[in-house]
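Values in this text are rule-based calculations from the coordinates and carry no lab data. Since the structure is predicted, the reported quantities are computational estimates derived from the model, not experimental observations. Ideal geometry is used to build each Cβ from the backbone, glycine not excepted, and the neighbour counts take in all protein chains shown.
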Amino acid sequence: MASDPLGTAPRNQGETVQQTENPATGGGAPSTALPEVLQGYERFRENHYRRLETLFRRLAGGQSPKVLFITCSDSRIDPCLLTQTLPGDLFVVRNAGNIVPEYREDSGECATIEYAVKVLKTPHVVVCGHSGCGAMAGLLDPGQLETLPAVRRWVALSQPALERAQAASGEKLPELVRQNVILQLERLRAYPFISSALESGALRLHGWVYDIGGGTIVEYDPQRRAFSDLASLAGAWA
Ligand code: ZN
């Protein structure tokens, strides 16, 4: 596969970003983010779209992703970069803490998962937590969430993972990140359509933890009840 299929490599060090009036706010507040994304769009049109035009034309007719990828909204995670996949390969659900609620008909997460598994029939589901997760840090230290009632209520869905992490030895945040991934896998297994897809062998679940600084991933091995280097579990993907 190309070394940078998505063109997500960093820009040149010397590239500057101009400050302009921010049309989104209507005021004169300087914005550095908007020119940056507009310049990125120009590069996308000039380079990457042209290179992948055949793929994009094909994808305009429909999608058939192989993986439902559930991860945190954290800006430091780029699922396509991590997995060197292209548009159309991953169907992505993101939220603070990569949390899967218990199955409910009024949940956006449940609806998206339902569509991926029942309609798109993705053969794999990955739940990917990560090092230094702010949502999990907030669950561990609720004082951080005093002025964030919606975040506090959302991350409380992972309370059972917190209880398991507190009962374990070692550093609490990394343990909570791992327990949180395991909890979401358990929740997924309880979804009626996932339970039946697992029984028929049409679906496999995978729990990952991505280490941002090291650029490495470990996967949960349910046989050993432990996380192992992702490469050593390649057989689970066959
Ligand atoms: Zn996070």
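Please sort by residue number the GluC sites (Glu not before Pro) in the stretch 59-111 whose DSSP state is loop and whose Cβ has at most 15 other Cβ atoms within 10 Å.
For GluC sites (Glu not before Pro) across the stretch 59-111 that sit outside H, G, I, E and B with at most 15 neighbouring Cβ atoms in 10 Å, the list reads Glu102, Glu105.
Cα atoms only, the stretch 56-111: Rg and Dmax in Å?
13.0, 37
Expressed as a whole percent, how much of the Cα-Cα distance distribution for the stretch 63-237 exceeds 25 Å?
29 percent
At a 10 angstrom cut-off on C-beta neighbours, averaged per residue, how do the peptides 182-189, 86-93, 138-145 rank from highest to lowest?
The packing order, highest mean first, is 182-189, 86-93, 138-145.
Could you give the nm distance between label points at Ser196 and Glu102, where each point is 7 Å from its Cα heading toward the beta carbon?
Spacing of the two 7 Å Cα→Cβ label points: 2.2 nm.
log₁₀ I(q)/I(0) of the stretch 97-201 at q = 0.10, 0.16, 0.21, 0.23 Å⁻¹, via Debye over equal Cα point scatterers, no solvent, to two decimals?
-0.31, -0.74, -1.09, -1.21
Can you work out the FRET efficiency for the pair Gln144 and Ser169, with r the C-beta to C-beta distance and R0 = 22 Å, to the nearest 0.05?
FRET efficiency, Gln144 to Ser169: 0.40.
Rounded to the nearest Å, what's the spacing between the alpha carbon centres of the stretch 103-122 and the stretch 60-100? Just the number, please.
One Cα centre to the other: 14 Å.
Under a straight-distance cross-link criterion of Cα-Cα below 18 Å, which aspartates and glutamates are reachable from Lys172, leaving out those fewer than 8 residues away in the same chain?
Cross-link targets: Asp141, Glu163, Asp211.
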